[in-house]
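The values are calculated or read from the model by the stated rules, or taken from the named source; none is laboratory data. It should be emphasised that the depicted structure is a prediction, and the values quoted were computed from it without experimental measurement. Heads up, the Cβs are rebuilt from the backbone with ideal geometry, glycines too, and the neighbour counts pull from every protein chain shown.
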């Protein structure tokens, strides 16, 4: 064997290019250096050399058995054995590359997966060269393999991270790029490409801020500025092609040694914002000219409280002659004690950058000593190109006085209306002594159910009022039918049923705050359409009427009638429980049952 190996070495000296072997060794050494980042095992840090005689025999020089997990005598020593270790998806590609190298001088460097003894796969890189005889015929194959499993894993992790980064960038509306020192774009979400032609996009290097071609970036290129000074910059630039105004923020990406290797550039089109700011300034000028003629008091103050401007209406509110007189009078003298305390609280909160309401009310003291009540609207504005505060004052004194009178009148009218309702209720019960108190008890129960259902106070009051007069229509029914001690005939019962329509007709022209007439008209309707007088179903029935219907049934069954004794509360509760969802609204029934069975509600005599 030693003599044979020596013969092979002589052949190699004659036929194999020294530069090619040197290149192979250099490449392998470079891979070993790169491998320091992947922490290869000590034995696999060196390349594994193999020789193939272009027949069936393969000789390994190195610890390939340890790398693949085999015993020394288990490692395949034939070409077929070697290729059988390759992953099925990689084998044809490797063989095709080997064949191509045997037929040409094309370099051979292939990455493939190789099966270990335990069935797992590792990645390795195979570099090979061909030894030829004097006639150029291949006589031997020299190969060197390196374990690149950790590198592949790192590359895959990097690929996933890059994909995640690209997906994140894709969700950003503004243009984001990462550029190197030559202004080459290494990463971009390409948003904003409507400003860039295909030709410009292919031109590198490239300044995305100004969209300048090749090696002529703008003089104030943000990316170059970051490379120069080493920290982030933000500037506004004008696109030389489109005229767009862009806000460019450039951030350094430091390398391992702390120097700036890349710059991330965030480009936002602020043309519309700048145009809006210009329009705002022009509007401000027009606004300032219109202030003096405003009927409302207006003042402009600084963040520190210095009064910069007041219009004539503001001076008239206080009764002062000019802004100097108003400014020289302390706020404590211009406000009532309560309003001055509120002003100090607002100021303290504002200085602490807290949430201060933009609308509030104050009481001021005029120069004459008269107290006026003002509504104030405060907002932040641009005044002389600086942030200021505008306050608009609306004198509410006379309006509040008028509203107080109106409220008193309304209370009087409501009190009178309540009296009228009580008279109507009493008149109805006077003609039907057996149902005396029925309307009041129905109204009380209906109000309790409405409150249990968490209706608004206004809705609760409307339901109570409707309950008090829900049988007002019985004024139109003969008294002898109302008090008949025996079962009613069909004709008599139909007359009784008409009381809902009669009640509606009596009240329909009265201007209530609630639909009282409609509530009364529908209080005998049922969910399944079996009620009267219209045979309404489900949601076509007012919710107030559905509450009144349950209350009416409970009170009627629990009370004495001329033609029968009282059936009792429990019988009444069972009746509405049986008709829940069929005749009566489920939510109303549930609320009613809860009142009686859980909260101890009891109807008054």
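A compact table of results
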| quantity | calculated |
| --- | --- |
| Pair list, Cβ < 8 Å and 6+ apart or interchain, from region 514-532 residues that are outside the structural domain of residue 556 (by TED's automatic domain parsing) to residues that are assigned to a loop (DSSP other than H, G, I, E, B) | none |
| Residue 511 vs. criteria assigned to a helix (DSSP H, G or I) and more than 18 Å from residue 556 (Cα to Cα) | no |
| Filter pass, residue 576 being in contact with a strand residue (DSSP E or B) (Cβ under 7 Å, 6 or more places away or on another chain), at pLDDT below 95 and either assigned by TED's automatic domain parsing to the domain that holds residue 466 or more than 17 Å from residue 441 (Cβ to Cβ) (or both) | yes |
| Verdict on residue 442 being under 29 Å from residue 514 (Cβ atoms), modelled with pLDDT of 90 or more and part of a helix (DSSP H, G or I) | yes |
| Criterion (over 28 Å from residue 451 (Cβ atoms), within 60 Å of the chain's Cα centre (by Cα), surrounded by 15 or more Cβ atoms within 10 Å (Cβ to Cβ) and in the same structural domain as residue 526 (by TED's automatic domain parsing)) met by exactly one of 481, 472, 477, 496 | 496 |
| Residue match in region 145-163 (condition: touching a helix residue (DSSP H, G or I) at 6+ places or on another chain (Cβ under 6 Å) and part of a strand (DSSP E or B)) | yes |
| Among residues of region 593-605, those that are within 21 Å of residue 471 (Cα to Cα) and buried (at least 18 other Cβ atoms within 10 Å of the Cβ), counted | 1 |
| Filtered residue count, region 71-101, keeping only those that are in contact (Cβ under 8 Å) with a residue 40 or more places away in the chain and crowded, with 16+ Cβ neighbours inside 10 Å | 1 |
| Verdict on residue 567 being assigned by TED's automatic domain parsing to the domain that holds residue 506 and over 44 Å from the mean Cα position of the chain (by Cα) | yes |
| Evaluation of residue 503 against (1) in a helix (DSSP H, G or I); (2) within 44 Å of the chain's Cα centre (by Cα) (one fails), failing number | (2) |
| Any hit, region 384-391, residues being closer than 20 Å to residue 282 by Cα and not in a strand (DSSP E or B) | yes |
| Checking residue 359 against (1) exposed (fewer than 11 other Cβ atoms within 10 Å of the Cβ); (2) touching a strand residue (DSSP E or B) at 6+ places or on another chain (Cβ under 9 Å); (3) in contact (Cβ under 8 Å) with a residue 60 or more places away in the chain, the condition it does not meet | (3) |
| Where residue 546 falls short, out of the listed (1) crowded, with 18+ Cβ neighbours inside 10 Å; (2) in contact (Cβ under 8 Å) with a residue 60 or more places away in the chain | (2) |
| Number of the condition not met by residue 36 [criteria: (1) within 30 Å of residue 158 (Cα to Cα); (2) modelled with pLDDT under 90; (3) surrounded by 15 or more Cβ atoms within 10 Å (Cβ to Cβ); (4) out of contact with any helix residue (DSSP H, G or I) (no Cβ under 8 Å at 6 or more places or on another chain)] | (3) |
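Here's the yes/no breakdown for (1) touching a residue at least 40 places away in the same chain (Cβ under 8 Å); (2) surrounded by 11 or more Cβ atoms within 10 Å (Cβ to Cβ); (3) in a strand (DSSP E or B); (4) assigned by TED's automatic domain parsing to the domain that holds residue 381:
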| site | (1), (2), (3), (4) |
| --- | --- |
| 250 | no, yes, yes, no |
| 264 | yes, yes, yes, no |
| 274 | no, yes, no, no |
| 278 | no, no, no, no |
| 283 | no, yes, no, no |
| 289 | no, no, no, no |
| 303 | yes, yes, no, yes |
| 316 | no, yes, no, yes |
| 320 | yes, yes, no, yes |
